[in-house]
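Read through the structure below, which is laid out as structure tokens, and then see the notes.
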Amino acid sequence: MELRTFVDRLDDRLDTGAYADVDASANGLQVGPETGSVDRVAFAVDAAAATIEAAADAGADVLVTHHGISWGGIDHVTGKTYERIAALAKNDLALYVSHLPLDGHQELGNAAGVAEAIGLAEREPFGTLGPVAIGTVGETGEPLPPATIRDRLDGFEGATNGTRVLEFGPDRIERVAVVTGSGADWLDEAAAAGADALVTGEGKQQVYHDAREAGVTVFLAGHYATETFGVRSLQSLAEEWGLETTYVSHPTGL
């Protein structure tokens, strides 16, 4: 497959352009030639020295990640940015990135994957950021104790430290909002949407008080652990397109 075709297919499926004005990440093809072909694709959560090296060792033509190396543009190609770009160029490895588009996609995204894993049904977009959504909200189907949801979250890849629970909601949870990664800022929106709980990756100091006052339980399941689902979905999509793939697991414990 031509590299341009691969990029265009991903951009179209993820609606990358819709997030251009709200995402600091330079989504799409961040590093790579204008022309080229793709036979093997590596997938990872983060673009870093370790994942770039692993992708190169696997013989990949493209590395697809959720977190890239360009946030708000690159003014100086020095330090770690230089090292990462140099490693990509040395190994003739392109880098494709999808940040918020891959958080919010209601079928392929991180939030959709988390929701599916904890058993949420009747899902709809949640987590507004300008004109787009970066999360999802849904129903548990039957009232669940917080411990049941925590146990399901603890089974995620990279969930090495266990899920932190701020248990301020009802004893039985029926409606859950999900914003992966750093999604504590959507606590008020979760309460307004009638959610009993918010699942995200990491929290901030203020979320304790906000959750307590709103009567909403918050599950902090880990930034990495909540954001493996999107790249895994894209891996399956690439395989449907006839490409060979490899997945680079590199949990951060955060």
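The values are calculated or read from the model by the stated rules, or taken from the named source; none is laboratory data. Note that this is a predicted model, so its numbers are computed, not measured. A quick note on method: Cβ atoms are made from the backbone with ideal geometry, for glycine too, and the neighbour counts reach across all protein chains shown. Heavy atoms of the whole protein, side chains included, go into the accessibility calculation; ligands, DNA and RNA do not. Shrake-Rupley method; radii C 1.70, N 1.55, O 1.52, S 1.80 Å.
Key figures
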{"quantity": "Anisotropy class of region 3-98 from Cα gyration tensor, a/c 1.5 cut", "calculated": "oblate"}
{"quantity": "Top of VAL64, VAL22, VAL97 by mean-square fluctuation, Gaussian network on the chain, Cα under 10 Å", "calculated": "VAL22"}
{"quantity": "Probe 1.4 Å, protein heavy atoms only - accessible area per residue of region 177-254 in square angstrom", "calculated": "40"}
{"quantity": "At R0 = 25 Å, FRET efficiency that the Cβ-Cβ distance of GLN205 and HIS250 yields, to 0.05", "calculated": "0.35"}
{"quantity": "Neighbour cut-off at most 13 other Cβ (10 Å), DSSP loop, GluC sites (Glu not before Pro), region 27-112", "calculated": "GLU34, GLU107"}
{"quantity": "Between region 72-124 and region 151-191, the alpha-carbon center distance in angstrom", "calculated": "21"}
{"quantity": "The chain: calculated mean residue ellipticity at 222 nm from DSSP helix runs of at least 4, using -39500 (n - 2.57)", "calculated": "-9000 deg cm²/dmol"}
{"quantity": "Cα gyration tensor shape of region 39-93, rounded if a/c is under 1.5, else prolate or oblate by comparing a/b with b/c", "calculated": "prolate"}
{"quantity": "Computed lengthening from THR78 to ASP39, 0.36 nm per intervening residue step minus Cα-Cα distance", "calculated": "11.0 nm"}
{"quantity": "Magnitude of the charge dipole, the chain, Cβ model with Lys/Arg +1 and Asp/Glu -1, debye to 20", "calculated": "480"}
{"quantity": "Choice from THR226, THR136, THR35 showing the highest fluctuation, given a GNM over the chain with Cα pairs closer than 10 Å", "calculated": "THR35"}
{"quantity": "Probe 1.4 Å - accessible area at ILE74, Å² to nearest ten", "calculated": "70"}
{"quantity": "Within a Gaussian network of the chain (alpha carbon springs, distance under 10 Å), most fluctuating of ALA195, ALA94, ALA24", "calculated": "ALA24"}
{"quantity": "Portion, in percent, of the accessible area of region 110-254 that falls on carbon or sulfur, probe 1.4 Å", "calculated": "43"}
{"quantity": "Shape call, region 1-49: gyration tensor on alpha carbons, a/c limit 1.5", "calculated": "oblate"}
{"quantity": "Within-11-Å neighbourhood charge of GLY130 [Cβ basis; K, R +1; D, E -1]", "calculated": "-2"}
{"quantity": "Dipole magnitude of region 145-236, debye to nearest 20 (Cβ charges: Lys/Arg +1, Asp/Glu -1, about Cα centre)", "calculated": "200"}
{"quantity": "PHE156 - accessible surface, heavy atoms, 1.4 Å probe, Å² rounded to 10", "calculated": "20"}
{"quantity": "Fraction in percent of alpha-carbon pairs per bin - 10 Å, region 103-226", "calculated": "15, 54, 30, 1"}
{"quantity": "Cα principal axis extents for region 157-214, largest first, Å", "calculated": "30, 24, 16"}
{"quantity": "Approximate spin-label separation SER236-ALA24, in nm, with each point projected 7 Å along Cα-to-Cβ", "calculated": "3.1"}
{"quantity": "Surrounding net charge for THR163, when Lys and Arg each add one and Asp and Glu each subtract one, Cβ distance under 14 Å", "calculated": "-2"}
